[in-house]
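Heads up: the structure comes next, in structure tokens.
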């Protein structure tokens, strides 16, 4: 029995599919379209309207039929006593679970139990196609139209606002890929792309989320651009906690990686606000790194690597601030992070451990790489 549930959606299955999964030990289900979702889900039997299992959806692969895809699952756990829902309707591939239903998955005593489902024969391809032909639900698909109540009788107003349709999120993510640039962009161009992402994709999918909780609201957008976020780890370490806590977690889960991909293409220039802030300094923001600056970056990286090896927690944002108040005062947070990622790249190439949260970045010049190699060797890191 599940001890803790992070499950927000249940996938509708017919009895034949449940039989193949439970009796035959299959780990795939055929659907008309592929999915990019990676999340824990529940299985919901269409005929008995019962939650019968939980699993981890790990993605999909193209089937032998060019027009279908096999969705794959891991860690399938069958409930000893299925949980019956009511008024779920028919048609959608997904049913969104409200807070009461999630709690019921964790609390066997509160479940409305039904007889376990027997395993029917395997379906034909035509039966699978018919089953998979229904469209993904909108928010209103998941609420009883006569009573405006959710399946367990809880008002839809009580459900988490960020629980948008999983299929709608997947479609929005697929469309959002077109906004990721294929080369360097300016800070202004990045802002324009992020505003388009917010207005064209995020807002329509998360229409119930208040604007002040949006991941690209004005305050958060400013912080993302100002701090020069280039990785998801940067988001945690560089964005102030009060901003992160005030952001809808559904939007973070669905779109942070795309936002990071866009921001990673920002090219520092003298015209950017961050570079302009350093004009009064003796070294321009885009100037070559000095040996002293590289030494400082390597030393700080070495300290963090040692902390990771010994399981000692550390604050990357605090270390960046300390460096920018001292030897790296000419550098932006994104420049410091990128230099650390260059160090990860060199360590990775040489088969050495590197900081997991600083993904290797190969965009380092030969001259800088040679200097970094010497510094890493002198510290016995290579």
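The values are calculated or read from the model by the stated rules, or taken from the named source; none is laboratory data. What you are looking at is a predicted structure, and each value in this text was computed from that prediction instead of being measured. Quick reminder, even Gly has a Cβ in these numbers, built from the backbone with ideal geometry, and neighbours come from all protein chains shown.
Of the residues screened, residue 193 is one that is in a helix (DSSP H, G or I), in contact (Cβ under 8 Å) with a residue 40 or more places away in the chain and in contact with a strand residue (DSSP E or B) (Cβ under 8 Å, 6 or more places away or on another chain).
Answer yes or no as to whether residue 225 is more than 15 Å from the chain's Cα centre (by Cα), at pLDDT 90 or above and buried (at least 18 other Cβ atoms within 10 Å of the Cβ). No, not satisfied.
Within the stretch 227-242, being assigned to a helix (DSSP H, G or I) and under 24 Å from residue 356 (Cα atoms) holds for 227, 232, 233, 234, 235, 236, 237, 238, 241.
Only a single item in (1) assigned to a helix (DSSP H, G or I); (2) in contact with a helix residue (DSSP H, G or I) (Cβ under 7 Å, 6 or more places away or on another chain); (3) under 24 Å from residue 333 (Cα atoms) is not met by residue 222, and it is number (2).
Out of 210, 184, 240, 204, one residue alone is surrounded by fewer than 15 Cβ atoms within 10 Å (Cβ to Cβ) and either in contact with a strand residue (DSSP E or B) (Cβ under 9 Å, 6 or more places away or on another chain) or assigned by TED's automatic domain parsing to the domain that holds residue 33 (or both). It is 184. Please indicate, with yes or no, whether at least one residue in the stretch 260-283 is loosely packed, with under 14 Cβ neighbours inside 10 Å, on the phi < 0 side of the Ramachandran plot, assigned to a helix (DSSP H, G or I) and modelled with pLDDT of 80 or more. No, every residue in the stretch 260-283 fails to be loosely packed, with under 14 Cβ neighbours inside 10 Å, on the phi < 0 side of the Ramachandran plot, assigned to a helix (DSSP H, G or I) and modelled with pLDDT of 80 or more.
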